[in-house]
Every structure is written in structure tokens, then in C-alpha cells.
Amino acid sequence: MRRALPSSPVALLGVAILFLLAGCGGEQPVAVSLTHNLITGRVDAPALTSADSLYIGFDRRLEPKEDVLQIASLAAWLEGQTGLSIGVSVTPRGSSVVDDLCAGRVDFAAVGTVSYLQSNDQCGARILLRGRNAEGQDTYKSAIIVRAGSPIHTVADLRGRAFAFGAPNSTQGHLIPRLMLEEAGVSIHDLSVYAFHDSHAATANAVTSGRYEAGALQDTLARELEARGLVRIVAYSGPYPSSGIVAGPQVPSDTARTLIDALLRFDPLGDDAESVHGWSRTEMPGGFVTARDGDYAGLREIARTIGLLER
Amino acid sequence: MSNLRSPIYRLPAALSRAFPRRLVTRITLAVVGIVVPAGMITLVVINLLLGHYLRAEMAASGASLARALGDNVSNALVDGDLAAIQEALNGAVSDHQDITYAYAFGPDTPVIHTFPNGFPAALLSTTSQAGKNSQGLLLKSEKGLVRDFTYRPLGDFPAEVHLGISESRITAVQNQATAWILGLTLVGCLLAAGVAYALSRLATRPLVALTEGVQRLGRGHFDQRIEVPEGSEVGDLAVAFNQMSADIQQAIASLRLSEASAQDLLTAAGAVGEGIALICDEGEGEGTFLFVNRTFAALAGHQEANLVGTNAASILHPDSLEAVRRAWQAIRSGTSRQTPTEIVLVDRHGQGHVLETAGTLVEYQGRRALAWFTRDVTERKMREDEIRRRNRELTALYALASATSEPLSAKSVLKRALRQVLKALDLEVGWVFLLTSDGKGELAASYGLAHGGGSFGFPACECGAALRENRPVLVKSAGDHCPARRALRKQEGGPCTCHATVPLVARGRTLGVLSVASADPQHFRQAEMDLLKSVGQQMGVALENARLWDELREKEQLRGELLARSIRAQEDERQRIARELHDATGQSLNALVFGLNAASTALGQSPEATAPLLERLRVSASDTVRELQGIIYDLRPSLLDDLGLVPALRWYADERLQSRGVDVTIEMSGEATRLPSEVETALFRIAQEAVTNIGKHADARHVRIALQVEAGQVVMTVEDDGVGFTPASVLSPRERSAEGGFGLLGMQERTVLLGGTLSVSSAPGKGTRLHATIPFRPQAGDSQSKELMPAGHTKHEANVT
């Protein structure tokens, strides 16, 4: 009869060592040279995107990183849905995505009403879809805010006040508020001072910091700030078609159709919530509906009035 | 069983041989042997664990740094703010000394890096692999192992940040830990060795004391005791040692007492006559006497001192050496059953002593020895031999008596008797000579002779004196003239010429001699010669008895033959009577019947012819009557009953011999009286047989039958002058023919039955004379009426021509 070998702490320790050695011995280093074959000039980045990809652009709304993360996640979702290769195009600061659309550098873009109206006006870009908010509405509003303790209670009270706008091409930050001021009889020249800000956040910051007595920004952010007691909403605008997806003039109809069909299935509040990054902070948190150019007639007029369509 | 031969099971023994013997050294080495491997194991384990956790920490921190750096430069990557990116990368490298390099790029941004001399082209090929492992990609470079951590701050947007973190700090920490552990191991080793040495010295101190005690005990200090506190293993061992010392001391004391007792025992045994010798059982002195007591030395005829040192075999009879060797071997092997062994010791004067011995192995003066106890049983042995010899003689005589009492032939008796004699005397060669009728010797029985026949010239030889002088003769050495010498030599293969001879005597007559041979003349002492003499007498009687038995047997055989012949003769007689009645009397009677019928017929038809016919019938009837009378007389003559023996003999002789022209003379002398009927009948039948034989064979001219009645006996003589014959050829059973001889034997038988004798003397050409004598007792009152013949007819002569 074979004698069993005695089990002892030493034997168990030996077995443990063998396991550790086995666990640590699996990774093989990749041999590289850090001192030879050096590139001294410009080093181009490795190509991580296919050359024949469709590119999607966007209006800068938040800080660049957030905008890129949102659009990049949507692009990845679309790639999965359509099988198309879709890249993200970042419009350099100081440039307009309208120019990229019309120049063909961008095939699709998530833009606000102003950018659509401008691209449509400039090169015939087509509105494909418009977004829905968290409540499912396919329109959005602007809100005029003041500091919580401000003596301003109506739009008319803004006369002679310092006012902060969003970006000049911003629908909720500039276009609709201009319309609201005009409807309240307050001209831009009635304001003591006004300024444009890059984003709704910057506008809110300008108001809450007291640098400006009032400001205009998207209604969702305004309600959020008011809920936290930072601002008080003086007035809401009427509902206007929200931001949407536009296609450049060079995009074939079937490609556009493919994109429309995919985005109509997009459910950021439900099944696709995890697939996209920070989508609730966009102007289309509830997904998309089909858009028609006629929906923007009113806004096109005011835009043209205030000179936003001028080249 | 094969598992036990495997190296793993031989390892302990091999280690035990390889290590030093000292316990202190072994313990110290064992402790060092434990500490060093433990230190090495700790070293390996600590290194592995340290490396494992430091790398895990480095992976976590590297990922965090890469994430932080990526978040920091993400906006710059989006906006293409190369300066901001460069600044952030440089800051990261400068803030963390483990970060070897950093670089970042985006789809529209070139690679921004921290390499001062240019970007290594090799890193471009690793970008596709780096992002797949959250633990980073391990790179082996001139600066050692570097782990490349990748982070994409913009998610699916193709922008990456890379951080290269060197593992040199981990290696340094491991080296430092190794140095510490090695140092600690060395210190621990020295410390453990010192402690182990001290403790083992302390622990083995009782063992050392125990060892010294054992050594003292081995040198004979049986009072040695060890003082070690009880309760420990060594203390228990010390207690056991002390107990063992006490036991040994007691055993030694008992042994000394036993030795003294043994010495006393030897002395006491010697005092009562037991011889004791101690013989060395081992070494060069094996077989030599180590000790003998006075009794043993006296047996050997030496002084004790002279025997000690000599070999025991030198005083043993050569025939006893093998017995001694076997007994000694049995004692050595432990198979001895302590039964005494008889041996013969030869003393200084050459005198043998029969010793009864027994032995056992003992220790004597530090040597193994055979204690040999002896007792002189020579006289007892002689007495036993005498008794045994007596018994043997008695047995032989008894056997001889038994053999001779059986109805055997003389040669069978001699053969059996000779065998019993040889057996009783423990001899193998012997023979018996019988005297023949011509005075020569005939070898009747023998054993062990080279040839079984011949007379050896007996009785002319030396031992023939036994026959001539009727006394026992001992021939110590047969001369060359003795023919037995050659036969004996051939048989024994040596000078076996000594033989003792005694006569075989029966009824005062010497019948032969009995001789037995031996190579040793000493074999035949007076006792043996007396025995042989008794045997000779016994054998003589037995021989005589055997002869009588032979005669009796022969007579019995003859009687049986006579009975058979009588029966056969009776049947023949009946057949003859029947044949005669049928052939003669019957035919005659039939003729008479026919004649009477004819007479009856003639009486009616022709009466004149009746008379002659009746006359013929009368004559025929008379002839028939005579025929019947002849038959009747042939059966038993009525004359014998009516007139007596002589008329009956006369009538019969006339009837049988007259027609043959033989002259018959019948003579009667002595008293004229009637003899008893059985005597007369016997004499008549004897004479009848003689007459018949004469008529058949003798071709005689004259026959004389004489009867002489004397006082109490009657003598009948029948003699003729015929051709005669040789009686022996007729009376000898071997030569007796189917017909011849039985007549004479019948006559003899009849004579013997009546207590008489019959003799026949004859020779070819000289006639025959038969002489029968039968005693009788005269019958009172019958003398007048029953005479042998009518008065005045005392002599009758019948001359038949």
C-alpha cells in the first residue's frame, strides 16, 4: 500500500509559492526601445478611425469634453445600429459647424435651430429629426432668469438692466430670448449692457455671480437652477422646435433615411440610456421625432430679422 | 515492497549516514536546516507578495494618473490646444518620478510627448495593445521594465493619453526587502544555532551522564547509579538504567552464587563417584579438557593435571568417537534428549571402561564448554551382557525346541536349528554334517558357505574328532589340509577358519556334527561351547525325532495307499463276482430255465424224450452249483471257518497251484489248537497273497507252507524255488510299482496290525521266503473245539504235480 506523503505547513507553503509563481509568471513584456529610432519632428497620431467614415458634428453647448463624449457615444450607438462607420468631427473653436456641413467636412450634425437655419440657408442642409425633451415634447423653451433676490419680476423690468445672452447662434440662449424681449417691447438697445456667452452654463454663471442682472438660457437648466435657489425664472418663452439632426447636402437620401430610422428607435430614457454618455444634459434627452423644415418658419423669420442668417 | 526501495524511503537512512553522529551537532544542524529554508521561503514569499501588491498598486495608481491626466487634457485634445497638452504632460512627468514618459494624441492632434530627444517609433506600434489591459502594457526597455497605461478621456472619440511608469522602484523595494530578509535569516540562523547548541547541550547533559554510567557499568561497576530528575524521557531512561543496573547486579550475584553452587555440585558429584570433565567447545582448544575431577582422572588412569589440555579423543576407544561426536552435535544443536550415551574409555593401561555419559553446554572461565558427566558401568555392562547372552541362549534353545518339535523333515529341522544357533551366537557361517550309512559325511544344512555342497573331507578333517571322540572340538585355525578352509575364506573374505564343532547325539548314537565359524577365536568361550553342546544334543534328538517323523509319515502314506488299494481290490472283487455270476452262473441258470421249459413241453408231447432231457438238466444244475461254490470259496472259504486254517490253506493251494503243476507242501508243527479268528484270517490272507504271487510271478516248482504254533505266537513260512526278486525294489515307496509291492505291503500291514512281524527274503533266481510271526492270546475253552486241523493231522504235505 502506498504511503500518503505527510501534509504539513511546509508542504502547504510550498504549494502556495508555486501558485504565486504561476500567477506572476504569465505576463510577458513587450520589448521596445525608448532611446533608439526616435522621431524628432511632428508625430502624426495613429489612425484610429476608418478613412471612409461618415462624420457627425455638433454645436458646442457644454465644455468640449462633454460635448465630445455625448456625440461620440451617439456615434458609437449609431455604428452599432446601422453598421456604418461614423466618426466625430470637432469644429475648432472660432469656426462654425455650419461651415463644416456646407464644406462637406461633416455629414451630419446635432445642431440648434439657428445652425440649422443658417446651414439650410447657406447650402440647403436638411433637417432630419428634432429632439424631444425629458417629458417627451419635441419643442423647447427659453427662460429669462434673474438672481433669487432680484427686484426684476417681468421682462419689461429688464429695460436698463445688464443682460447675459448665450452664444449668438444659440436658439435658446439668443434667438428665442431676443424674440421674448421684442415681444415685451424691450429692444437690445434698451439694455444697459449685454454680452454673449459660449454656453448656457456660462450665462447662468454670469447671472448667479451678479455680473449680469438677468440672463437667458434653456428652460431645463433654468428650472434646475431655480430649484436649487440660485436663480429665479422671470419668464418662459413659448414652445419652439428643439435642436435636431441635420444632414449636409452631399449626404445621400438613403443614408439619411438609414440614420433617421435608427435615431427614431433611439430611446435614451429607456433601453439605450447606458449606451450614451450624459444624454440627459443634451437638448434631445427624450430621443428624436421626425422634423419638417416648415416647423421652423417662425424662427427663421426672427433669425432673419435679427440678422442671424446674414453671411 | 518496491515502495520501500524507492529513494524517498531511503532518504532518512542516507541523511542519517551523511550527518555527524553527535546529537548536539545534529540538533544544531537541524535548527539551522530549518531556519535557512524558512528564511529562503520567507524571502521568496515576501518578494512575490511585495511584487504582487506593488504592481497592483502601481497599476491602480497608473490607471488613476492616466485617467487624471486624460481628463486634464481632454478639452485641450478636443480643441487642439497642443501647448496645454504639452504642459499637462510635462507636469505629470515632473510630478511623479516613477513616470518615465507621457504622450497623448487625438484624431486631429499630433502626438504630444515628453521624450526630450524624440518620440520612440516603437511606441506607435503598442498603441493598439495598450488600451486593452487595465493593468497596463508591460514594456521591456533600456530603462528597465516600464508599464504603459492608456486612457481614452473622450470615450469612443479616438484620443489617447499614455503614461509610462517604471517598475524600477518596485525592483528596488524588492531588493531592499531581500537584503533585509537575508540579513535577518543570517542573524536568526546564528541565533538559532547558538540557542540550539546551548539547549541541546543542556538537554543531552543527562544523556552524557547516562552514557558515562553505561560505560562504567560495562567496566564492571555494577553498583553504578545515575541521578537524573524524573519526569523527563531521559529521567525515565535513567530510572530504567538504574533498574537495569540493579537487576544486573542481582543477576551477577546470583550468577556467582550459581557458579559457587556449580562448583559445589561438581565436587559433590565427584564425591559420589561421578566422573566430570569440561571439554572446550570453541576456538583452537576445541575438544581439549579444561577440567576433570578426580574420579574422571582415576578412570583414565591419570592425574587431573595430566589430562587438562589433552584432547578428549585421545582416551576414547576409536569405536566410540562417532557416538561422542553425534552426542556432542546434538547438545550443540539443542536436539539432545539427555539420554545417556554409552562409550568406551581406554585407560592408560589399555583397559577399556564402559562409561554412561551425558552432557550439557556451560560457560567455564569465559569459554563455552561441554560439561561431561560420566559413570563407570563396566561391571553392570558385563552383567547385562551375561544376562543378554543367557537370554539369547535360552531364546535359541527355545527356538530350537520349537523348531524340533514340529513335524518337519530332518533337513528342514537341521536348517532351522542351524539358523537359530547362528542367530543366538551372532554368527553367520555354520553347517551340519550327517553320517551316512557308509560312514561318510553328508552336508545336510549350511549357512554362509561359499558353496552349498561337498563333504570337506569330513570326517577325516580336524573337526572330525567331534564325531570320533563324541566331544566338542574347537578348531582355531583350520590347516591347509582342511577342505573347509577354502569355502570359509571365500565366504568371509578373510581368514575365517576358526570353527567350533559339536557332535549330534541321539540315543547314545552320534548322527553327525554341528559346526559354526567365526573370525575371532575368542568368540567361542566355554559358555558358547556349552551352548553348542546343548544344541548338539537337542539337534540330535530333533534329528532322531525327524527320522521317526519321516517313518511315521511314510507309514501313514503306506496305510493310505493300502486303504485305497483295499477299496479298489474290493471293487475289483465285486466286479469279478458280478462278471462270473453273469457270464457263468447266469448263463447256466438261463439254460436250466430253457431246459425246464423244453422238458415241460416234451412231457406233454414226447414223454420219452423227457428223461434224457432232465438228466442233462441235472448235470447242468450240478455244474452251476459248483460254479457258485467256487465263487463263494473265492470270497472266503468256508473251510477256514469250519475246519480251520490248515485245511483252508491246503484247499486254496491246491486250487491255485495244482493246475499249474506246482508241488505244494503244507507243514504243521507245535500245538494243534485253533487260533483266534483274526489270526487265522490274517494268516490265510497272507498265504493267499503269497500263493497268488507265486502263481503269477514265481514260476516255481515247489512251494512249502509251514505253520508253527508256539507259546503265544504262530509262525508261518511260505517259500518257493521260483525266480525270486529284489525286496527293496518292491518295498521301497519310490520304486514301488502300481501293482507290485502292494501285496507284500498288505501282508506286512496285516501282520503289523496284529502285532506281528513279516519278513521277506528273496533274490533273483534264488526263490522267495516269506516269514510271518503273529502273536496271539490263547482262547480258553476253544482249544478242543477249534483246532488248526483235525487231530492227527499235525503235518500235511501236499504234493501237487
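The values are calculated or read from the model by the stated rules, or taken from the named source; none is laboratory data. This structure is a prediction, so every number in the text was calculated from the model and none was measured. Please note: Cβ atoms are built from the backbone with ideal geometry, for glycine as well, and neighbour counts cover all protein chains shown. Remember, those area values only see protein heavy atoms, side chains included, never the ligands or the DNA or RNA. Shrake-Rupley method; radii C 1.70, N 1.55, O 1.52, S 1.80 Å.
Points to keep in mind about this one:
- Criterion: more than 8 Å from chain A (Cβ to nearest Cβ), assigned to a helix (DSSP H, G or I) and among the aliphatic types (A, V, I, L, M) - qualifying residue of B:ALA122, B:ALA196: B:ALA196
- Being open to solvent by 40 Å² or more (accessible area, probe 1.4 Å) and farther than 19 Å from A:SER275 by Cβ is not true of A:GLU79.
- Positions within the range B:284-301 being open to solvent by less than 60 Å² (accessible area, probe 1.4 Å) and out of contact with any Gly (no Cβ under 7 Å at 6 or more places or on another chain), in sequence order: B:GLY285, B:GLY287, B:LEU290, B:PHE291, B:VAL292, B:ALA297, B:ALA300, B:GLY301
- In the range B:63-73, the residues that are open to solvent by 40 Å² or more (accessible area, probe 1.4 Å) and either away from chain A (no Cβ under 13 Å) or under 24 Å from B:SER141 (Cα atoms) (or both): B:SER64, B:LEU65, B:ARG67, B:ALA68
- With respect to the stated conditions, B:PRO20 is outside any helix (DSSP H, G or I) and under 30 Å from B:VAL208 (Cα atoms).
- Residues in the range A:30-72 that are of a type in the set (A, V, I, L, M), at the interface with chain B (Cβ under 7 Å from one of its Cβ atoms) and more than 30 Å from B:GLY144 (Cα to Cα): A:VAL68, A:LEU69, A:ALA72.
Rundown of residues vs (1) of a type in the set (A, V, I, L, M, F, W, C); (2) at pLDDT 85 or above; (3) closer than 19 Å to B:SER166 by Cα, yes/no style:
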{"residue": "B:ASP71", "(1), (2), (3)": "no, yes, no"}
{"residue": "B:SER94", "(1), (2), (3)": "no, yes, yes"}
{"residue": "B:THR100", "(1), (2), (3)": "no, yes, yes"}
{"residue": "B:SER128", "(1), (2), (3)": "no, no, no"}
{"residue": "B:GLY136", "(1), (2), (3)": "no, no, yes"}
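- Just one of the listed residues (B:ALA60, B:ALA56, B:ALA76) is open to solvent by 30 Å² or more (accessible area, probe 1.4 Å) and within 14 Å of chain A (Cβ to nearest Cβ), namely B:ALA56.
- Qualifying residues in the range B:91-108 (those that are in a helix (DSSP H, G or I) and open to solvent by 70 Å² or more (accessible area, probe 1.4 Å)) - the one farthest from the other protein chains (Cβ to nearest Cβ): B:ASP95
- Against the numbered list (1) at pLDDT 85 or above; (2) within 26 Å of A:THR35 (Cα to Cα), B:LEU191 comes up short only at (2).
- Counted residues, the range B:79-90 - those being at the interface with chain A (Cβ under 10 Å from one of its Cβ atoms) and open to solvent by less than 20 Å² (accessible area, probe 1.4 Å): 0
- Summed over the range A:217-239, residues that are among the small types (Gly, Ala, Ser) and either surrounded by fewer than 16 Cβ atoms within 10 Å (Cβ to Cβ) or assigned to a loop (DSSP other than H, G, I, E, B) (or both) total 4.
- Condition met for A:ASP261 (assigned to a loop (DSSP other than H, G, I, E, B), open to solvent by 10 Å² or more (accessible area, probe 1.4 Å), modelled with pLDDT under 95 and not β-branched (Val, Ile, Thr)): no
- From the options B:LEU562, B:LEU589, B:LEU558, residue that is without any contact (Cβ under 8 Å) to a residue 40 or more places away in the chain, open to solvent by less than 90 Å² (accessible area, probe 1.4 Å) and not small (Gly, Ala, Ser): B:LEU589
- Output for the range B:661-685, where each listed residue is assigned to a helix (DSSP H, G or I), surrounded by 16 or more Cβ atoms within 10 Å (Cβ to Cβ) and of a type outside the set (Gly, Ala, Ser): B:VAL679, B:GLU680, B:THR681, B:LEU683, B:PHE684
- Within the range B:201-212, none of the residues are touching a helix residue (DSSP H, G or I) at 6+ places or on another chain (Cβ under 7 Å), under 16 Å from B:VAL36 (Cβ atoms), assigned to a helix (DSSP H, G or I) and of a type in the set (Ser, Thr, Tyr).
- Among the residues of the range A:269-294, just one is open to solvent by 60 Å² or more (accessible area, probe 1.4 Å) and among the aliphatic types (A, V, I, L, M), namely A:LEU269.
- The C-beta contact set for the range B:108-128 (first residue more than 19 Å from B:SER94 (Cβ to Cβ), second residue in a helix (DSSP H, G or I) and open to solvent by less than 10 Å² (accessible area, probe 1.4 Å), distance under 6 angstrom, 6+ apart or interchain) comprises B:THR109/B:LEU77.
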